[in-house]
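A.B. asks: First the structure, which I've put down as structure tokens, then a few questions once you've had a look.
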Amino acid sequence: MTGRRVAVITGAAGGIGAATVRQLARDGWAVVAVDRCADDPDVPYPLAEPHRLDALAEEFEDVRSVRADVRDAGALGLAVASAESEFGGLDAAVAAAAVMLGGEPVWEQSDAQWRTLLDVDVLGVAHLARAAVPALLRRPRPRSGRFVALASAAAHRGLWGLGAYCAAKHAVVGLVRGLACDLRDTGVGAVAVSPGSTRTEMLRATAGLYGLPGIDTLSERQLTGRPLEPEEVAAAVAWACSAESFAITGSVLHADGGFTA
């Protein structure tokens, strides 16, 4: 077994996921970076391309890339198994994979939109928990494992045209709270990180839904006065993965630039 801490991160090829891979790798972690790396016909904006995931593995010696959809529980199990076999164990799992759909009021959002949001944004988190938590618990005591899920400011505030997305992200917070209770007294904690408006493809797609020319208007409710950069949210996620974050299990870390203040 190596002395390094080891993480599995989904949604790793772009946005906050990719920034978290880089942050942890620079901090000395070994990382298995997981991403679908393909567009989804039910998602009307581009998702990360394969070369972006491969670039992470080329940039860092101890990053391994795995192409898998979080809707495939078996594929996530294999990603966790590869972390254990190659790096000797698992210390953190980060569920960063998500999509955003909407633009209509709740009563007009289609069954297909609801299914995609729940399958990716909620069940995708649950699939990672089912695969990763047993591995986190296989570390010997005293352990300091962490399960971190990306929620959203939308989990805490209603947003026009994004009712289904708000519901999905609210479910992520509930899942994390329940998981933290299940992990009581194990040395493994669970926490949700809720970003605000962050400079990603998802935020650009949100601006498009609202007919806005750019993303800056979407950050007007943030006390920062500007959109967050993925690296700024990743810094909070990386801290949540650390042993120093032990006290916040079952909690939400609001990395939202003051959006929900």
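The values are calculated or read from the model by the stated rules, or taken from the named source; none is laboratory data. Because the structure is a prediction, the values reported are computed rather than measured. No Cβ is skipped: glycine too gets one built from the backbone with ideal geometry, and neighbour counts run over all protein chains shown.
A.B. asks: Pick from region 228-245 the residues that are part of a helix (DSSP H, G or I) and of a type outside the set (Gly, Ala, Ser): which of them is farthest from residue 160 (Cα to Cα)? Break it down into steps so the answer makes sense when it comes.
C.D. replies: Residues of region 228-245 that are part of a helix (DSSP H, G or I), as a first pass: 230-241, 243-245.
Still in the running and of a type outside the set (Gly, Ala, Ser): 230-233, 237, 239, 241, 244.
Details: 230: 24, 231: 27, 232: 26, 233: 24, 237: 27, 239: 31, 241: 32, 244: 37 Å.
My answer is 244.
A.B. asks: Say whether the condition of being out of contact with any helix residue (DSSP H, G or I) (no Cβ under 6 Å at 6 or more places or on another chain), outside any helix (DSSP H, G or I) and at pLDDT 95 or above is met by at least one residue in region 39-59.
C.D. replies: no
A.B. asks: Continuing with the same structure: Any chance you could count how many residues in region 156-173 are surrounded by fewer than 24 Cβ atoms within 10 Å (Cβ to Cβ), within 18 Å of residue 252 (Cα to Cα) and not β-branched (Val, Ile, Thr)?
C.D. replies: 7
A.B. asks: I've got another one for you. Are any residues in region 1-24 closer than 14 Å to residue 62 by Cα, surrounded by 21 or more Cβ atoms within 10 Å (Cβ to Cβ) and without any contact (Cβ under 8 Å) to a residue 60 or more places away in the chain, and if so, which ones?
C.D. replies: Within region 1-24, 21 is the sole residue that qualifies.
A.B. asks: Next question. What tally of residues in region 137-163 results from selecting those that are over 18 Å from the mean Cα position of the chain (by Cα) and in contact (Cβ under 8 Å) with a residue 60 or more places away in the chain?
C.D. replies: The total comes to 4.
A.B. asks: Something else now. Scan 133, 63, 94, 106 and give me the residue that is more than 20 Å from residue 174 (Cβ to Cβ) and β-branched (Val, Ile, Thr).
C.D. replies: 63
A.B. asks: Determine which member of the set 225, 196 is at pLDDT 90 or above and surrounded by fewer than 20 Cβ atoms within 10 Å (Cβ to Cβ).
C.D. replies: It is 225.
A.B. asks: State which residue is surrounded by the fewest Cβ atoms within 10 Å (Cβ to Cβ) when the search covers only region 97-111 and only residues that are at pLDDT 95 or above and of a type in the set (Gly, Ala, Ser).
C.D. replies: 98
A.B. asks: Shifting gears a bit: For region 60-78, how many residues meet the condition of being part of a loop (DSSP other than H, G, I, E, B), without any contact (Cβ under 8 Å) to a residue 60 or more places away in the chain and buried (at least 18 other Cβ atoms within 10 Å of the Cβ)?
C.D. replies: Residues that pass the stated criteria total 3.
A.B. asks: Continuing with this model, one more query. From 203, 179, which residue is in contact with a Leu (Cβ under 7 Å, 6 or more places away or on another chain) and either over 17 Å from residue 118 (Cα atoms) or in contact (Cβ under 8 Å) with a residue 12 or more places away in the chain (or both)?
C.D. replies: When all the criteria are applied, what remains is 203.
A.B. asks: Residues to consider are 187, 211, 225; find the one that is within 28 Å of residue 26 (Cα to Cα) and not in a helix (DSSP H, G or I). Break it down stepwise before answering.
C.D. replies: On the way: 211 fails: within 28 Å of residue 26 (Cα to Cα); 225 fails: within 28 Å of residue 26 (Cα to Cα).
Going through 187, 211, 225 in turn, just one is within 28 Å of residue 26 (Cα to Cα) and not in a helix (DSSP H, G or I): 187.
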